[in-house]
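The values are calculated or read from the model by the stated rules, or taken from the named source; none is laboratory data. Remember, it's a predicted structure, so these values are computed and weren't measured experimentally. Note that we place each Cβ from the backbone using ideal geometry, even for glycine, and neighbour counts take in every protein chain shown. Accessible surface is based on the protein model in full, side chains and every heavy atom, while ligands, DNA and RNA are left aside. Shrake-Rupley method; radii C 1.70, N 1.55, O 1.52, S 1.80 Å.
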Amino acid sequence: MTYPTDEEHPLLVLEDYRIGFNTERGLAKAVDGVSLTLKRGQTLGIVGESGSGKTVLNRGVIGLLAARNTVESGSAKFEGEELVGENRQAFWGTKMAMIFQDPMTSLNPVMKVGNQVMEPLRQHQKLSKSEAKKRVADIFTLVGIPEPIKRLDQYPHELSGGMRQRVMISIALAIEPDLLIADEPTTSLDVTVQKYILDLLTRVQKEQGMSMVLITHDLGVARGRADEILVMYGGRVMEHAPTEDLFEKMSHPYTSALFSSIPHLHHKKHTRLTPIPGTPPDIVEPPTGCRFAPRCTYAQEICLLESPPMTQEGNHRYACFFPIGIQQGQEALTTNQQRGHTASGLQIQKKAEAI
Amino acid sequence: MRRAIKRLLGLGLLLTVISMVTFAAMNILGDPLFNILGPIAGDVDNPESVKIIEEAKEQYYLDKSLPERYARWAGDFVTGDFGVRFSATGQPPVTDLIKERFPRTLQLMIMAQLIAVGLAIPWAVTAASRANSKTDKTSTVTAFAFVSLPNFALAVILFYVFSIRLDWLPDVYTATDPFWGFTHNHRLIQNLLPALTLGLGGAAAYQRLLRTDLITTLQEDFILMARSKGVSRRKVLYKHALRPSLFSLITVLAINISYMIGGALVVETFFRIPGLGTAVVEAVLREDFPVVLAIVMIVATAFMVFNYLADLLYGVIDPRVRTNEKESTPIFRSLWKSQTNLEAEEKINDETVEVSS
Amino acid sequence: MAGSGTAHLRKDDPNILLSVQNLVVEFPVGLRKKVHAVTNLSFDIAEGETLGIVGESGCGKSTTARAVIQLPKPTSGVVEFEQKDLTNLKGESLRNIRPDIQMIFQDPISSLNPRRSVFNIVSEGVNIWNETNDDSSEDRVIEIIKDVGLDVQEALVKRPHEYSGGQCQRISIARALVLDPKIIICDEPVSALDVSVQARILNMLEDMKERYGLTLLFISHDLSVVKNVSDRVAVMYLGKLCEIGDGDLLYEEPAHPYTRLLLAAIPDPNNKHSGNQDILEGELPSPINPPSGCRFRTRCPRATEKCTVEEPEFQQIGNSDHWVACHFPHIDGDNKQDEIIWPPQEAIEGSE
Amino acid sequence: MTTHEEEIDYAPLLGSDDALAIGLAPKKKLGLGFWISAFWVVLITLLAVLAPILPIKDPSENYVVTEKAENLRGDLVEKPVQPPYSLSGKHLLGTDKDARDMLSRTIFGARISLAVGFITAILGLAIGGALGMLAGYFKGWLDKIISAFFLVSLSFPGLILAILVVSLLDRSLWTISITIGMLAIAPVGRLARAQTITFAEREFVIAAETLGAKRSRIILREMLPNVLIPMATLSMLVVAIAIVAEGALAFLGLSVQQTATWGKLILTGSDMNSLENAPWIAFGPIIFLFFTVAALNYMSDRLRDYFDVREIYDLSD
């Protein structure tokens, strides 16, 4: 596999990529104009809450959304080929692979795991049964499945959660894809298993030189595994930066709010948390202006009227008029604190969390 | 092994209960002597009649108590002897009648089920793979219409269309002709219309069931996974989705045995097919109770056997059933397994999925 | 770990509200086998305190919660609530004590009756215990619905499925609060929720605890969450406790190898334990056939022969409120190890 | 996006967290079809109930028509026309071989068919529902006995049992209704039991218990409302099945003696001769029967979907 690794030929380029679903109330804009570039061999972490559009975005790219009711627009180029409006069948099982959240439901319960891993090998690489078996056994060893030969003939329910997730990773590895999308790969696993699986994923990603998109709701998971982190909210990109940059210089109020709403280990016990006030945006009739403005403590009048453009500072970009860390942001916060509420009427008091 | 024995015991117990209830009902509600002898049975003033009555009583063990008569019948039944018919003309064994009638009904049932399942599976897969499309909506309406059309009404319609108006299929049914062949004299052709009557209704019912289950399965993550592996559409449907979706269909196939017999009864009567169904109607009307009892027992046994087979089939289809991770036949489960066992299993499952969100 | 012993119980403390001693919960499977879901578990909770129980799936923490409320009754052991042993109570006398012990569940869907209005669900407790149904009880229901941040008018007409997951959890909390309980058992109350909602529910639990003088038993698999809400934390593994003590102490200097591994695995950006290089080996043993001696020994980097034979009992670390059930705990940076038998094959066979 | 006809509709939206969170679940409606079905069922029930006082033809009167014809001697005389008569403005559904009006016979036939349907449903639901709930809630030996009873009655060939009872007893409306009703107990009961078990495991029942609710209260307040609605939707289906079962009995010549039911009407019209020369005799009642059964089935279907409280929550706030 000799692909150009230079910056000129990124693996995946999205430009103003949109996905909408026709609903009874109108078009639900699940992904609303996302642009990003994923270089070969890199890992991009996409962080967001339920409803942020992170899963829809990736299912859209790989082409696993139902055709009916789905409206796709903008541009998505994979290895230079336009995906929007095209059938992605050719990439399935060869160049793109996906790992799902729940290893219990994403393995076929009535098929032996060996066959499930062998399926793409036999279909796309035309391996014979014995060749495929050998390959799978090798991959099982690689991902740390003990007694690989015996496991080939087991069913998913006979394996523990961690083992099932390793089988899923094996399927992805067997394909040797250029792009691996891992959708919350460890959310349903225990922390100790989670650590192992994440370590494994990053290891094989590096070894095979594939690009990975790691979708998660946990900023902690993305840190240390991703080269860059992209924070999504309401179908839009809020902030995007190299991982350490992001943690050092959180610019978007949403990123910061998300980070401080989580209890952290170094907090003393009974440390009061700072939840994000309000409710997630309605994506059928989203708020005009910044999607996060109604819940943002920095929000000024302009945030309610205009969508903030993407500000680029080197590799760090964010969509906010009043980012944290620069003077406008500080002023906006002070203004809101002084008047006791934000431009959207959100009370800035201790009790801001009540609905 | 232990499970199999337990199951067999339960099966025997159920058959015993059924036979006892039927036996008692027929003897208490009906008048066996009258059924055998006709009006003579009431003629107790005539010594000649009394003699005949006494003889008949002895012959048919009617002088014995009910439990004793039941014991005799049960003893015979276990050895495969269904006793003799209540008939004024001699004592023809019930077994003869069954031997004569059973094959015809069996052929009919097998043909009907083949039509039903054979139609239902591709029909359901096509519909489910394009859920809510025009194809699907049309097929849903069609299935709905067939489900709402009773057997006897469908029989009349099919007969009217194919035998009377188009005259493609025969309207006379004979008992003796060979099965295999393609003329009006062959049973294959004769059975076609009756089998179609039963089969179309069945196909519609199975399609509705399987379609729903398939749609649920198609929304599972493992289907997306299979697609993302580049598995072809056909393989996704038939190899990945169909097998885990067959549970309800198998359950219904097994539970439906007694309904099917009911259907066969009506259809055989309408088409005047000499089968078990017509036999049982005749027997009931003539109060020929041993025949009724025999047929009830055959149906009940078939029901049990099919449910048992279904149970085994679950294991074949879904490996989780084999290791007791998933509940098997709902119909038998409640009886064979002790409740505490079930609770314990559920507890384990709860524990293992504790943090699954 | 998995140690037994009751050394860590505060027997002389007059403020102990709930004391669980040698709790055993077993479920039969098959003909002769049993699941040892919880074995010889002991802990106590003082009034006004929050005890967090943390453990991975399959460790028996939810079973413990159910055993405390006697649904179902535990196989053996003592559950003392205000000096009364609940395991001996039956029928009416158990029913009379129920309002004092309430429970909040993980699943917002399963824990609310879909066919009843939210107001009706919250006032259920009042309706059960107050036959006269006077205005004061209705006032209390209204007050509590407002307290948990829901709209009373909406609650009168809406059903649970018209609310979001977070709001459903508020409804559960309101239902539990209505009878003015002394202790609330929270079984993974926030693990089904989005992170930003989780923070709100946790804050609310703290507020309610303060306002109504509650004692909490808080069960979760999330160590950060448990640390945040708890005064004391207990770590559970395969039906037994490993370590128990003051939350800050335990998280600062975990003494049990399992606790160390758990902490090291947390993907927290500021996790000071993440450098810990120990590896958790193998799979969780079956609770049907748990290992002999210390239950953690089959996966423990420090396990020796002794751990196979002898079950560790709780011992105090210094004079602090920190107890560990391990033969070779990590104390004062102590890293000495006896001869390591790994993999402990005989040990596994020995437990048959 | 890709709109290939070959696309499989995975509807992955329903499964994805994101989709749930943004509330894409469509609003539920009973739909026009439901109301048309309900209208038909109400209409046919009203017709049946009010049949004796409605201005329709007498179902048992022979409306023989005469025509002028030459007799043997060549005189023109009034001569009866050989019935059955085909559909006409006078007889909307034609007449049978005795020149009786098929429309009014069909409406009068509905009286028995519907009565059997409703009595059966009430019996099956009351007894089956109660047994099933008891079995599902208390479990243990009670469950075993009740489940065994269900199993026995399910393995009984229902129609054979029905014709047996009907032939041994009498062919009155009540015998037939009660017999079919008994057959409905097991399937209804099994559903009630399954529903009860599902809900008994739900945490809200445990919550009620921790609140100190008594068993009777839990059954009545927590379980019953949840079991009752699926039972009510099932009741429509039971009515439909009972109407069909009665029809089958009648078709075998074993239903209520006095009046012609739908099954009996179809039977009289379905011999070779009638089908060939006067198919309307059979097809009129068939159409009524079909529409009634279809309407009941459809209502049951729609109600089940409608009341199936889709418990989808968005897990954000």
message: With +1 assigned to the C-beta of every Lys and Arg and -1 to the C-beta of every Asp and Glu, and no other charges, what is the dipole magnitude of the stretch A:123-245 about the Cα centre in debye, to the nearest 20?
response: 600
query: Going down the table (A:K95/A:K133; A:K269/C:K73; A:K268/C:K90; C:K84/C:K158; A:K195/C:K182), which pairs top 31 Å between alpha carbons?
result: A:K269/C:K73; A:K268/C:K90; C:K84/C:K158; A:K195/C:K182
task: Please sort by residue number the chymotrypsin sites (Phe, Trp or Tyr not before Pro) in the stretch C:121-212 whose DSSP state is loop and whose Cβ has at most 14 other Cβ atoms within 10 Å.
output: none
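How crowded by other chains is A:110-117, given as the mean number of beta carbons from other chains within 10 Å of each beta carbon?
For peptide A:110-117, the averaged partner shielding equals 4.
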field: Peptide A:144-157 - average C-beta neighbours from other chains (10 Å radius)
entry: 1
message: Run the simple label-point estimate for B:V44 and C:I142 please: 7 Å along Cα→C-beta, distance reported in nm.
response: 8.1
Calculated FRET value between C:D246 and B:K134, using beta carbons and R₀ = 60 Å, to 0.05: 0.35
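To the nearest 0.05, what FRET efficiency results for A:A90 and C:N88 with a Förster distance of 45 Å applied to their C-beta separation? It would help to have the intermediate numbers written out before the result.
Numbers: r = 70 Å, r/R0 = 1.55.
Calculated transfer efficiency: 0.05.
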message: Give me the Å³ per residue figure for the convex hull around the C-alpha atoms of the protein assembly as shown.
response: 238
task: Using only the alpha-carbon atoms of chain D, report the extent along each of the three principal axes, biggest first, to the nearest angstrom.
output: 97, 60, 39
field: Percentage, to the nearest whole number, of Cα pairs in the stretch A:107-167 over 16 Å apart
entry: 37
Fraction of antiparallel bridges per DSSP, chain C only, in percent to nearest 5: 60
statement: Two pseudo-spin positions, 7 Å from Cα along C-beta at A:Q347 and at C:D278, lie apart in nanometres by 4.8
query: Nearest 10 degrees, 0 to 90: what angle lies between the long axis of helix D:102-123 and the longest principal axis of chain D (Cα atoms)?
result: 30
message: Using the Cα centre of the protein assembly as shown as the reference point, and only Cβ charges (+1 on K/R, -1 on D/E), how large is the resulting charge dipole? Debye, rounded to the nearest 20.
response: 2680
- request: Would you kindly find the accessible area of A:Y196, with a 1.4 Å probe and non-protein molecules such as ligands, DNA and RNA excluded, rounding to the nearest 10 Å²?
  value: 90
query: What is the local net charge at B:V94, summed over the other residues whose Cβ is closer than 9 Å to its Cβ (Lys, Arg +1; Asp, Glu -1)?
result: -2
message: Angle check, please: helix C:118-129 long axis (alpha carbons) against the longest principal axis of chain C (alpha carbons), in degrees 0 to 90, nearest 10.
response: 90
message: With unit charges on the beta carbons (Lys and Arg positive, Asp and Glu negative) and the dipole taken about the Cα centre of the stretch A:107-167, which residue among A:M163, A:F140, A:H124 sits farthest to the positive side?
response: A:H124
Most to least packed among D:69-76, D:187-194 [average Cβ atoms within 10 Å]: D:187-194, D:69-76
task: Would you mind putting D:228-237, D:242-251, B:117-126 in packing order, based on average other-beta-carbon counts within 10 Å, highest first?
output: D:242-251, D:228-237, B:117-126
field: Furthest towards positive pole of dipole, B:M225, B:I53, A:A182, structure part the protein assembly as shown, Cβ charges
entry: B:I53
- request: Could you check the simple spin-label distance between A:E158 and C:E313, using points 7 Å along Cα→Cβ, in nm with one decimal?
  value: 4.4
- request: State the answer as a single residue: which of C:V309, C:P189, A:V61 lies farthest towards the positive end of the charge dipole of the protein assembly as shown, with beta carbon charges of +1 for Lys and Arg and -1 for Asp and Glu, about the Cα centre.
  value: A:V61
Other protein chain Cβ atoms within 10 Å, averaged over every residue that makes up C:255-262: 1
- line: Under 15 Å by backbone N from the virtual spin label 7 Å along Cα-to-Cβ at D:R171, the residues of the stretch D:235-255 are D:246-255
query: How big is the charge dipole of the stretch A:39-119 about its Cα centre, in debye rounded to the nearest 20, if each Lys and Arg gets +1 on its Cβ and each Asp and Glu gets -1 on its Cβ?
result: 120
message: Can you compute the FRET efficiency between B:R234 and D:N273 using 1/(1 + (r/R0)^6), with r the Cβ-Cβ distance and R0 = 45 Å? Round to the nearest 0.05.
response: 0.35
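Give, as a single signed number, the net charge of other residues whose beta carbon lies under 13 Å from the beta carbon of C:Y258, with Lys and Arg counted +1 and Asp and Glu -1.
Values: positive: C:K240, C:R260, C:R295, C:R297, C:R299, C:R302; negative: A:D190, C:E56, C:E243, C:D278, C:E281.
Residues close to C:Y258 contribute a combined charge of +1.
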field: Residues whose placed amide H lies under 5 Å from that of B:R85, excluding near-sequence neighbours
entry: B:V94
- prompt: With every protein chain in place, what's the accessible area of A:V47 (1.4 Å probe, Å², nearest 10)?
  reply: 0
query: Taking the Cα atoms only, what angle lies between the long axis of helix A:327-339 and the longest principal axis of chain A, rounded to 10 degrees?
result: 60
message: Quick check: net charge around D:V165, other residues with Cβ under 15 Å of its Cβ, Lys/Arg +1 and Asp/Glu -1?
response: -2
task: For chain A, state the semi-axes of the equivalent ellipsoid (square roots of 5 times the eigenvalues of the alpha-carbon gyration tensor), sorted largest first and rounded to whole angstrom.
output: 39, 23, 18
message: List the chymotrypsin sites (Phe, Trp or Tyr not before Pro) within the stretch D:148-193 that DSSP assigns to loop and that have no more than 10 neighbouring Cβ atoms inside 10 Å.
response: none
- request: Would you please put A:327-339, D:98-110 in order of how densely packed they are, using the mean number of other Cβ atoms within 10 angstrom per residue and starting with the highest?
  value: D:98-110, A:327-339
